[in-house]
1. Pairs, please: C-beta under 6 Å, at least 6 apart or cross-chain, first residue touching a residue at least 12 places away in the same chain (Cβ under 8 Å) and open to solvent by 10 Å² or more (accessible area, probe 1.4 Å) and in segment 168-187, second more than 10 Å from the ligand (Cβ to nearest atom) and among the small types (Gly, Ala, Ser)?
2. Can you tell which of Gly277, Gly315, Gly243 is surrounded by 14 or more Cβ atoms within 10 Å (Cβ to Cβ), among the small types (Gly, Ala, Ser), within 30 Å of Leu381 (Cα to Cα) and within 16 Å of the ligand (Cβ to nearest atom)?
3. I'd like the full set of residues that are over 18 Å from the mean Cα position of the chain (by Cα) and under 20 Å from Asp357 (Cα atoms), limited to segment 151-183.
4. Taking Arg147 and the conditions (1) surrounded by 17 or more Cβ atoms within 10 Å (Cβ to Cβ); (2) assigned to a loop (DSSP other than H, G, I, E, B); (3) touching a helix residue (DSSP H, G or I) at 6+ places or on another chain (Cβ under 7 Å), which numbered condition does it fall short on, given that it satisfies the others?
5. Can you tell which of Ala156, Ala121, Ala132 is of a type outside the set (Val, Ile, Thr), within 13 Å of the ligand (Cβ to nearest atom) and crowded, with 17+ Cβ neighbours inside 10 Å?
6. From the list Asp357, Asp332, which residue is among the acidic types (Asp, Glu) and either farther than 29 Å from Leu12 by Cβ or open to solvent by 10 Å² or more (accessible area, probe 1.4 Å) (or both)?
7. Being open to solvent by 30 Å² or more (accessible area, probe 1.4 Å) and away from the ligand (no atom under 13 Å from the Cβ) is the filter; apply it to segment 88-112 and report the residue that is nearest to Leu255 (Cα to Cα).
8. Being closer than 21 Å to Pro250 by Cα and open to solvent by less than 10 Å² (accessible area, probe 1.4 Å), is that true of even one residue in segment 51-67?
Amino acid sequence: MTRPLNRVYTELPISVFEVMSQLAREHDAINLGQGFPDDPGPEDLRRKAAEAVVDGNNQYPPMMGLLELRSAVAAHYQRWHGLALDPASEIMITSGATEAIAGALFGLIEPGDEVVAFAPAYDAYLPLIRRAGGIPRIVRLEPPHWRLTEDALRSAFNARTKVVCFNNPQNPAAVVYPREDLELLARFCKEFDVIAVCDEVWEHVLFDGREHTPLMTLPGMRERTVKVGSAGKIFSLTGWKVGFVCAAAPILRVLGKAHQFLTFTTPPNLQAAVAYGLGKDDAFFHDLRRDLQRSRDRLAKGLASIGFPVIPSQGTYFLNVDIKPLGLNETDEAFCKRLVAEHRVAAIPVSSLYEDDPVTSVIRFCFAKRDATIDEALERLSHAVR
Ligand SMILES: Cc1ncc(COP(=O)(O)O)c(C=O)c1O
């Protein structure tokens, strides 16, 4: 076979998560790179899913998702954010947020459209934008605050901008954007008639009493936002890959056609269990936050006490360390490779989540782990920086 294969994928390097996980296996390391919890997830949800497989209908569910789950998503966002969404025409269920984002980009972008994206970011966005024929215009974010600025947005948005792909709370930065930044972004979306694909998978993983503001709730954004969520993150069941897309009916109608030929549907038992989970009382979601916040604090305090300069984490399963003040004279990537080989703890070099002009001093640790795992990692790292 001599014909070139698709360039977007042939030119894509192996994902940093795969590289670091492979190194973690080779060195028998604790893997704080990839973001999944040690915890098996809420038992009642897992039992609901099991019961639905045994007793329920296992044939193709409706393409847009079980009405029971779409209604549960609508009720959940009404309760938490006062959002009024019509389950029949404004909510669709997908196989994870990644499929939702792929479908949204494929459904919205015409070849040659510009798409504003941010760096560092979840690594699926850029290949999907390009595969959809879009041209990414990247806004570079910097530690420790990773804020949006008028100047940066002004240099990225123009009359050719069709879509902005935004993530809040942000992975890997672990920030929850303040309303001021959301208002700034909304102002640009309205000025340039742009649709925001807003990846809000971390909407419930917030700390220190923070609250999530969906971009869709800002004035003028209801009709131009595609809101993406993920049950995997909400319930610490990352393998389930049940996503939700909320958008005004004229947009969702088109995204449904993209979804139709991506996965068409999502396992019905998982949909039924997620519908049950979304209906749980507020205390359940606050308890999840409290438990993760405890783990965040355990890792943050431990890292600080052994000399790692920790950047506070406001949300997500992650916290970052900026190694610049240590004056080690090595990049984040070299540092991560040394950590995994010499100290047997794997982390993610954040530079790999930029395409150009990366920040090269930040490394990301996942703290969604048992106390014993965190303590063992800290013990192994105790002499890593001094
Ligand atoms: C910002 C962001 N979006 C999407 C995803 C993936 O979500 P899902 O597993 O539902 O596809 C992740 C997973 O880490 C993420 O961090």
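1. Partner pairs satisfying both residue conditions: Val176/Gly315.
2. Working: Gly277 fails: within 30 Å of Leu381 (Cα to Cα); Gly243 fails: within 30 Å of Leu381 (Cα to Cα).
One residue alone meets the criteria, Gly315.
3. Of everything in segment 151-183, those that are over 18 Å from the mean Cα position of the chain (by Cα) and under 20 Å from Asp357 (Cα atoms) turn out to be Asp151, Ala152, Leu153, Arg154, Ser155, Ala156, Phe157.
4. Unmet condition: (1).
5. On the way: Ala156 fails: within 13 Å of the ligand (Cβ to nearest atom); Ala132 fails: within 13 Å of the ligand (Cβ to nearest atom).
Every option except Ala121 fails the conditions.
6. Details: Asp332 fails: either farther than 29 Å from Leu12 by Cβ or open to solvent by 10 Å² or more (accessible area, probe 1.4 Å) (or both).
Answer to the check: Asp357.
7. Result: Phe106.
8. yes
The values are calculated or read from the model by the stated rules, or taken from the named source; none is laboratory data. All figures in this text were calculated on a predicted structure; none of them were measured in a lab. Please note: Cβ atoms are built from the backbone with ideal geometry, for glycine as well, and neighbour counts cover all protein chains shown. Accessible surface areas use protein heavy atoms only, side chains included; no ligands, DNA or RNA. Shrake-Rupley method; radii C 1.70, N 1.55, O 1.52, S 1.80 Å.
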